[in-house]
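Read the structure below first, then the notes.
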Amino acid sequence: MPIELPVCSLPQIKMPPAPRDPPVIQDLANAVAYDRSLLRLRDLRKKPGRTPTKQDVGNAHVYLSRVTGAYNAAQGDVDDEAPAWFTRAMEQVHTDISDIRIELYDLRTELHDVQRLVNRMHNHSCGNGNLRPFLTMRLANGQTPEDANLPHLENLGSTSHLTVDQLDHYLHGYGLMQGGTQ
């Protein structure tokens, strides 16, 4: 499949000749020369309309990459497998990511424990909760009562509006037995 020449916004830039299909070493040399000439012009000229844009330079790099890839494929230099060093590096990356996920899970668990302790201390200092409402306490499984379709308990009076099922859910959710305290 023929490779298209790159697009350039400057008409005065000399384009390389169209590469053969498949490209030969001269086509590769032309693509490298074109890429380098745009970079040189960009560094030398700082005048609008006379300096290659970032898009021009990017197009030249993409063109060089396509010619290089097609040349290598024609030469049979394309491996279906990644190099061994890359495979080992990726295995290490996957291991590191797994370790990070485990540590993140542990941190979330610790954060939930700390938040639960802070909320519990706050709620304990609120007395009956009438002047300062209680903060939501996560259930033992990490869910909020709202996640379990339970009403928010703003104060001790809120417990008198619970149904028997809701009370059971709260007691089991907090790991308490009916009538027991923690």
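Residue-by-condition table, conditions (1) open to solvent by less than 70 Å² (accessible area, probe 1.4 Å); (2) among the aliphatic types (A, V, I, L, M); (3) modelled with pLDDT under 85:
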| position | (1), (2), (3) |
| --- | --- |
| His94 | no, no, no |
| Ile102 | no, yes, no |
| Asn141 | no, no, yes |
| Ala148 | yes, yes, no |
| Asp168 | yes, no, no |
| Gly175 | yes, no, yes |
| Gln182 | no, no, yes |
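Does Leu107 satisfy being within 30 Å of Pro133 (Cα to Cα), surrounded by 10 or more Cβ atoms within 10 Å (Cβ to Cβ) and not acidic (Asp, Glu)?
In short, yes.
Just give me the residues in region 151-176 being more than 22 Å from Val114 (Cα to Cα) and among the hydrophobic types (A, V, I, L, M, F, W, C), in sequence order.
Those that are more than 22 Å from Val114 (Cα to Cα) and among the hydrophobic types (A, V, I, L, M, F, W, C): Leu156, Leu162, Val164, Leu167.
Residues in region 92-106: is at least one of a type in the set (Phe, Trp, Tyr) and in a loop (DSSP other than H, G, I, E, B)?
No, because not a single residue in region 92-106 is of a type in the set (Phe, Trp, Tyr) and in a loop (DSSP other than H, G, I, E, B).
Name the pairs: first residue in region 1-17 and touching a residue at least 60 places away in the same chain (Cβ under 8 Å), second residue assigned to a loop (DSSP other than H, G, I, E, B) and surrounded by 15 or more Cβ atoms within 10 Å (Cβ to Cβ), Cβ to Cβ under 8 Å, at least 6 apart or on different chains?
Hits for this filter: Ile3/Pro19; Ile3/Pro23.
For residues that are modelled with pLDDT of 85 or more and of a type in the set (Gly, Ala, Ser), scanning just region 4-56, find the one that is farthest from Thr68 (Cα to Cα).
Ser9
Could you please let me know if Leu162 is of a type in the set (A, V, I, L, M), more than 42 Å from the chain's Cα centre (by Cα) and open to solvent by 50 Å² or more (accessible area, probe 1.4 Å)?
The answer is no for Leu162.
Here is a list of conditions, (1) hydroxyl-bearing (Ser, Thr, Tyr); (2) loosely packed, with under 13 Cβ neighbours inside 10 Å; (3) at pLDDT 85 or above, and Tyr71 meets all of them except one; can you say which number that is?
(2)
Looking at region 115-139 only, could you name the residues that are assigned to a helix (DSSP H, G or I) and surrounded by 10 or more Cβ atoms within 10 Å (Cβ to Cβ)?
Gln115, Arg116, Leu117, Val118, Asn119, Arg120, Met121, His122, Asn123
Inside region 1-37, can you point out the residues that are hydrophobic (A, V, I, L, M, F, W, C) and outside any loop (DSSP other than H, G, I, E, B)?
Ile25, Leu28, Ala29, Ala31, Val32, Ala33
Return only the number of the condition from (1) at pLDDT below 90; (2) within 30 Å of Val32 (Cα to Cα); (3) open to solvent by 70 Å² or more (accessible area, probe 1.4 Å) that Arg66 does not satisfy.
(1)
The values are calculated or read from the model by the stated rules, or taken from the named source; none is laboratory data. None of the values given here were measured: they were computed from a predicted structure. A quick note on method: Cβ atoms are made from the backbone with ideal geometry, for glycine too, and the neighbour counts reach across all protein chains shown. To get the accessible areas, we keep the full protein, side chains included, count just its heavy atoms, and leave off ligands, DNA and RNA. Shrake-Rupley method; radii C 1.70, N 1.55, O 1.52, S 1.80 Å.
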